[in-house]
Amino acid sequence: MLKDGEKGAVLQRDKETYAVVPHTPLGLITPDQLRKIADVAEKYQAKALKLTSVGRLAMVGFKEEDIDAVWSELGIPPGAAVGLCVRSVKACPGTTFCRLGQQDAVALGLELDKRYHGRELPGKFKIGVAGCPNQCAETSVKDLGFFGKAKGWTMLVGGNAASRPRLAEAVAEGLSTDQALALADKVLAFFAENGKKGERIGRTIDRLGVEAFQAAVGL
């Protein structure tokens, strides 16, 4: 039996079959990738295809002996679906597609995903990016969130929607994209250095104090 996350496979409730989650950043996917996913699902008799909350396609119900072949034929890297790491970034359409967008959520989200997806940290870490204050990417319940206004990005830190939910707090406003990325680096570095195993960054901030967090990231 594979360990949870080994070979990008997640053991299912039946304790016999596995799900795999191809990494499609921000939920953006090409027609060729969709065809491959459908073909592989049919060939190896997946029990279900499930759109996840971050817009990925979870492929559920594979046999252990088929996992290597599934990934080989998909030709898409695994998404970080389990473990203490940065999960896939959730982003809205932003100015790329949405008439309400005030900042380019797709560009910022893709860069954050490129930099951090799968990075090991003391606890689970979720990132959301929204192009306007409507926050369709649920940035207020993400460990690190950004939402756009006319004059730049607002950064939120410390949210989660887990068993002990916590709303994120706005810690900086009017950020350029470069400034947003620079602050994101500092936030992850703070958590990597100060977080306890299994702890979300909001709890780390509560434990150490807002002043310590602000000093560490230069706010």
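The values are calculated or read from the model by the stated rules, or taken from the named source; none is laboratory data. What you see is a predicted model, and the numbers here were worked out from it, not measured in a lab. Note that each Cβ is placed from the backbone with ideal geometry, even for glycine, and that neighbours are counted across all protein chains shown.
What do you reckon, is LEU34 touching a strand residue (DSSP E or B) at 6+ places or on another chain (Cβ under 9 Å) and buried (at least 20 other Cβ atoms within 10 Å of the Cβ)?
Details: touching a strand residue (DSSP E or B) at 6+ places or on another chain (Cβ under 9 Å): yes; buried (at least 20 other Cβ atoms within 10 Å of the Cβ): no.
In short, no.
With the range 31-108 as the region, which helices (runs of 4 or more DSSP H) entirely inside it contain at least 1 residues that are within 16 Å of VAL129 (Cβ to Cβ) and not basic (Lys, Arg)? If you could, list the steps in order and put the result at the bottom.
Values: elements: 31-43, 67-74, 94-97.
Passing ranges, in order: 94-97.
Determine whether LEU57 is outside the structural domain of LEU144 (by TED's automatic domain parsing), at positive phi and surrounded by 17 or more Cβ atoms within 10 Å (Cβ to Cβ). Step through it out loud before you land on a result.
Working: outside the structural domain of LEU144 (by TED's automatic domain parsing): yes; at positive phi: no; surrounded by 17 or more Cβ atoms within 10 Å (Cβ to Cβ): yes.
No; evaluated as a whole, the condition is false for this residue.
Does the range 82-140 hold any residues that are aromatic (Phe, Trp, Tyr) and buried (at least 20 other Cβ atoms within 10 Å of the Cβ), and which are they?
So the first thing to find is which residues in the range 82-140 are aromatic (Phe, Trp, Tyr), and the list is 97, 116, 125.
Listed by number, the residues that qualify are TYR116, PHE125.
Residue by residue, here is whether (1) modelled with pLDDT under 95; (2) out of contact with any Ser or Thr (no Cβ under 9 Å at 6 or more places or on another chain) holds:
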{"position": "LYS47", "(1), (2)": "no, no"}
{"position": "VAL54", "(1), (2)": "yes, no"}
{"position": "VAL60", "(1), (2)": "no, no"}
{"position": "TRP71", "(1), (2)": "no, yes"}
{"position": "VAL86", "(1), (2)": "no, yes"}
{"position": "LYS90", "(1), (2)": "no, no"}
{"position": "PHE97", "(1), (2)": "yes, yes"}
{"position": "LEU100", "(1), (2)": "no, yes"}
{"position": "ASP104", "(1), (2)": "no, no"}
